[in-house]
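Asks: First the structure, which I've put down as structure tokens, then a few questions once you've had a look.
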Amino acid sequence: MKIDSKIKTHLKKLLAVSIILICSVPIFPLAVASSKSFEINSNNTPLNIEEQDLYLLRVEHYLYVNASDDVGIFHIRFSFPPDYAYQVPLLLELYNDSTLSAIVHYDIENDTLPPNKIINFTLNPMKKYDSVLLHFSCWVLLKNHNFDDLPPYIKIPKKYQLPEETKQWLVSTKEVQLHSLLIRNKAQQLHGLSNNLIRYAGRIAPFIKNHRYAFFVFELRTGLLLSQDARTTLLMNGENVGRSHLACAFFRTYHIPARVLLVNNDQGFWTQMHYMVEYYCPGYGWVLLETTRGISPYATYHQVINRVCYPQDEEDTKKDYIFPFMKGEERWLWIDNEYVSPYYVDCNTGSKSQMFTEANISTDQMTADYAFVLTQMVFRQYQGFLGKNLSSENQEHFQNAIMYQQQAIFTLKQSQSFDGYLNLLNMAYDEYQDIYR
């Protein structure tokens, strides 16, 4: 495929992409096929040509904050989609209806817990009872993975067989209580006589969805949702928060690393945040599980991951602003002033979030891999220069690069033109490179 007329420049980029693809260690194999087609070679032998579904996703956030007293300059840190296995961020778009006069500046930082990223908003002082709106979207390019290459049988591992970096997701926390006899007894029932991890996961997901569902409906309609820890959820059911904690408890009981994911998914209505789970399969990697729909494994294109939660996230919980009795939510935003708080009424008024699928395109695996890595390269340049003091000449290159990124998004969204998307990203990359010269 002809990507651009600047042959020498793009040969260098292709070489860089090849090096990254060879040296990177993915969470699961990069060659993820969503569908297959066949070509006939000169010997009339069918050749298996893999295709990859790519999705352009957008997560839109409304964050209203109120001041209960006069405050000075403060910061709001908000989770931003990480560059993670099958998704890569493209751009942060701040809308004009935001309280722009309140924003001193903002940038995207790498969180201390990889691969997470944080938007760091610095805001001007606020008077008592003042309000500020931050209205922004996060654009993400995503490879769909249905986990159809997941083996039907994977033996539940012993602790010593696990990679060292996964063992931190085996611990007991105040939200995931591994020492609860109720949880251990139910885990034993779900485990049964089979030592098949895939089968065990397939039992956990529908159980948590359907377990004492009438209690959940009553709690939801009355607003009397209780603590969202694993034990309470087993007793009374709970929101997606508690369901994820319970799933983690079931997995960790049998020395299977499991962690909570904060996501925005395609529910079709505004939410605060949605919670899902990943569990670790030895020899394969992390696998998505959706307890709200009772499905394991769960395809990647349904959601954008905002944060991979660590055990310390389970310990550092926030209270819910819609249901004041519901506790146990992992944080996705942090405000460093006690007199400033988010404003929630329901998921129609005040702060809210929603994911939108803006485009879906199928292409061959090689082109998909090229697009994915090129997007990674451009975003890393964008993140590196965002919020930095640049000379007037370099600021012009930076703005040109952002313009090309925006045009690339528009082209993919409106015309489904992959050639146009790649061409414009290459132009953005060139502008970022000019800043170094």
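The values are calculated or read from the model by the stated rules, or taken from the named source; none is laboratory data. In this text the structure is predicted, and so the values were computed from the model without any measurement. Positions of Cβ are backbone-derived with ideal geometry, glycine not excepted, and every protein chain shown enters the neighbour counts. Each accessible area value is taken on the protein alone, full model and side chains, heavy atoms only, with ligands, DNA and RNA left out. Shrake-Rupley method; radii C 1.70, N 1.55, O 1.52, S 1.80 Å.
Asks: For the stretch 267-313, enumerate the residues that are charged (D, E, K, R) and modelled with pLDDT under 95.
Replies: Answer for the stretch 267-313, where residues must be charged (D, E, K, R) and modelled with pLDDT under 95: just Arg293.
Asks: Of all residues being assigned to a loop (DSSP other than H, G, I, E, B) and not hydroxyl-bearing (Ser, Thr, Tyr) in the stretch 96-113, which is surrounded by the most Cβ atoms within 10 Å (Cβ to Cβ)? Just the residue, please.
Replies: Out of the qualifying residues, it is Asp111.
Asks: Ile154 is checked against (1) under 22 Å from the mean Cα position of the chain (by Cα); (2) under 30 Å from Met366 (Cβ atoms); (3) surrounded by 15 or more Cβ atoms within 10 Å (Cβ to Cβ) and fails just one. What number does that condition carry?
Replies: (1)
Asks: Could you grab me the full set of residues in the stretch 337-384 that are under 16 Å from Gln406 (Cα atoms) and either touching a strand residue (DSSP E or B) at 6+ places or on another chain (Cβ under 8 Å) or among the hydrophobic types (A, V, I, L, M, F, W, C) (or both)?
Replies: Glu358, Ala359, Ala371, Leu374, Thr375, Gln376, Met377, Val378, Phe379, Tyr382, Gln383
Asks: Pick out, from the stretch 212-297, the helices (runs of 4 or more DSSP H) lying fully within it that include 1 or more residues that are surrounded by fewer than 20 Cβ atoms within 10 Å (Cβ to Cβ), in contact with a helix residue (DSSP H, G or I) (Cβ under 9 Å, 6 or more places away or on another chain) and charged (D, E, K, R).
Replies: Helices (runs of 4 or more DSSP H) meeting the threshold: 213-222.
Asks: Any idea which residue in the stretch 402-437 is farthest from Ile361 (Cα to Cα), counting only those that are open to solvent by 50 Å² or more (accessible area, probe 1.4 Å) and outside any helix (DSSP H, G or I)?
Replies: Arg437
Asks: Restricting to the stretch 299-331, and then to whatever is open to solvent by 40 Å² or more (accessible area, probe 1.4 Å) and among the hydroxyl-bearing types (Ser, Thr, Tyr), can you tell me which residue is farthest from Tyr55 (Cα to Cα)?
Replies: Residue satisfying both the conditions and the ranking: Tyr321.
Asks: Which condition number in (1) touching a residue at least 12 places away in the same chain (Cβ under 8 Å); (2) in a helix (DSSP H, G or I) is the one that Ser353 fails?
Replies: All conditions pass for Ser353, except number (2).
Asks: Could you tell me whether Glu175 is modelled with pLDDT of 95 or more, open to solvent by 10 Å² or more (accessible area, probe 1.4 Å) and either of a type in the set (Lys, Arg) or within 30 Å of Asp369 (Cβ to Cβ) (or both)?
Replies: Considered against the rule, which asks whether it is modelled with pLDDT of 95 or more, open to solvent by 10 Å² or more (accessible area, probe 1.4 Å) and either of a type in the set (Lys, Arg) or within 30 Å of Asp369 (Cβ to Cβ) (or both), Glu175 comes out as no.
Asks: Still on this structure: Identify, by number, the condition in (1) surrounded by fewer than 21 Cβ atoms within 10 Å (Cβ to Cβ); (2) assigned to a loop (DSSP other than H, G, I, E, B); (3) not small (Gly, Ala, Ser) that Trp334 doesn't meet.
Replies: Just one mismatch for Trp334, condition (2).
Asks: Is it fair to say Ala230 is without any contact (Cβ under 8 Å) to a residue 40 or more places away in the chain and farther than 24 Å from Leu150 by Cβ?
Replies: For Ala230, the condition - without any contact (Cβ under 8 Å) to a residue 40 or more places away in the chain and farther than 24 Å from Leu150 by Cβ - is not met.
Asks: Identify, from the list Leu170, Leu181, the residue that is over 23 Å from the mean Cα position of the chain (by Cα) and of a type outside the set (Val, Ile, Thr).
Replies: Values: Leu170 fails: over 23 Å from the mean Cα position of the chain (by Cα).
Unique residue meeting the criteria: Leu181.
Asks: Would you check which residues across the stretch 154-197 are in a helix (DSSP H, G or I) and hydrophobic (A, V, I, L, M, F, W, C) and list them?
Replies: If the condition is that a residue be in a helix (DSSP H, G or I) and hydrophobic (A, V, I, L, M, F, W, C), then Trp169, Leu170, Leu181, Leu182, Ile183, Ala187, Leu190, Leu197 are the ones that fit.
Asks: Can you find a residue in the stretch 109-126 that is more than 30 Å from Val340 (Cβ to Cβ) and aliphatic (A, V, I, L, M)? Spell out how you get there, then give the answer.
Replies: Quick first cut of the stretch 109-126, residues more than 30 Å from Val340 (Cβ to Cβ) only: none.
No, the conditions are met nowhere in the stretch 109-126.
Asks: Of all the residues that make up the stretch 271-327, how many are over 26 Å from Cys138 (Cα atoms) and basic (Lys, Arg)?
Replies: Residues that pass the stated criteria total 1.
Asks: Check the stretch 358-365 and report whether any residue there is in a helix (DSSP H, G or I), free of Cβ contacts under 8 Å to residues at least 60 places away in the same chain and of a type in the set (S, T, N, Q).
Replies: no
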